[in-house]
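K.L.:
Below is the structure I would like to discuss, written out as structure tokens.
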Amino acid sequence: VQLQASGGGLVQAGDSLRVSCAAAGLTFRSFVMAWFRQAPGKEREFVASISRGSHTYYTDSVKGRFTISRDNGKNTVYLQMNSLKPEDTAVYYCAAGTPAWGSSDLERLYAYWGQGTLVTVSS
């Protein structure tokens with residue numbers, strides 16, 4: 001199984017950015033997909049998840065600004081990030097797993113992880 005994250009970069013506050021994660025070696029449509037992030041000096045935290053049926057769930061700090069989506073034909077999950085803030089600066093990781101939907105924010109329930117892509121938001 002391989003998850004390849006891409007699309008990170010340096011942007012200014014208020015800008016938009018889309019990160020992608022291409023999956024290989026798994027039946028993509030059968031997995032819950034999620035994005036987590038880890039800011040410098042902090043623990044990794046949940047950002048958003050999307051179910052097999054494309055239901056979505058977000059942490060409060062990104063609601064209304066970030067959108068997670070998936071393309072099962074391309075085995076890819078996306079995170080569209082709008083109105084970026086300096087506090088969004090982090091390495092963003094994609095993950096694949098089969099958690100119960102009510103537990104989709106729990107890092108320990110994801111079996112597969114990408115390598116991360118760095119998003120830096122300058123003020």
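The values are calculated or read from the model by the stated rules, or taken from the named source; none is laboratory data. In this text, all values refer to a predicted model and were calculated from it rather than measured experimentally. Glycine gets a Cβ as well: all are built from the backbone with ideal geometry, and neighbour counts include every protein chain shown. Surface accessibility is based on the protein's heavy atoms, side chains included, excluding ligands, DNA and RNA. Shrake-Rupley method; radii C 1.70, N 1.55, O 1.52, S 1.80 Å.
K.L.:
So with the 1.4 Å probe, I'd like the accessible area per residue for region 1-121, rounded to whole Å².
P.N.:
49 Å²
K.L.:
Okay, next question. Reachable lysines from residue 85, Cα under 24 Å, same-chain residues fewer than 8 places away excluded?
P.N.:
42, 63
K.L.:
With θ set to phi - 60°, apply the Karplus curve 6.51 cos²θ - 1.76 cosθ + 1.60 along region 56-71 and write out the HN-Hα couplings as whole Hz, x wherever there is a Gly or Pro.
P.N.:
Each residue of region 56-71 in turn: 10, 8, 10, 6, 4, 5, 10, 4, x, 10, 10, 9, 9, 8, 9, 10 Hz.
K.L.:
Beyond 25 Å, what share of the Cα-Cα pairs of the chain is found? Please give it as a whole percent.
P.N.:
Values: 1126 of 7503 pairs.
Distances greater than 25 Å cover 15 percent of the Cα pairs.
K.L.:
Now for a separate question. Build a GNM of the chain with springs between Cα atoms under 10 Å: which of 83, 20, 103 gets the top mean-square fluctuation?
P.N.:
103
K.L.:
How large, in percent, is the carbon and sulfur part of the accessible surface of the chain at a probe radius of 1.4 Å?
P.N.:
That share works out to 45 percent.
K.L.:
Multiplying the sequence separation of residue 60 and residue 4 by 0.36 nm and subtracting their Cα-Cα distance, what value in nm do you get?
P.N.:
17.6 nm
K.L.:
Hey, another quick one. If I model a spin label at residue 108 and residue 18 as a point 7 Å from the Cα along the Cα→Cβ vector, what separation in nanometres do I get?
P.N.:
3.6 nm
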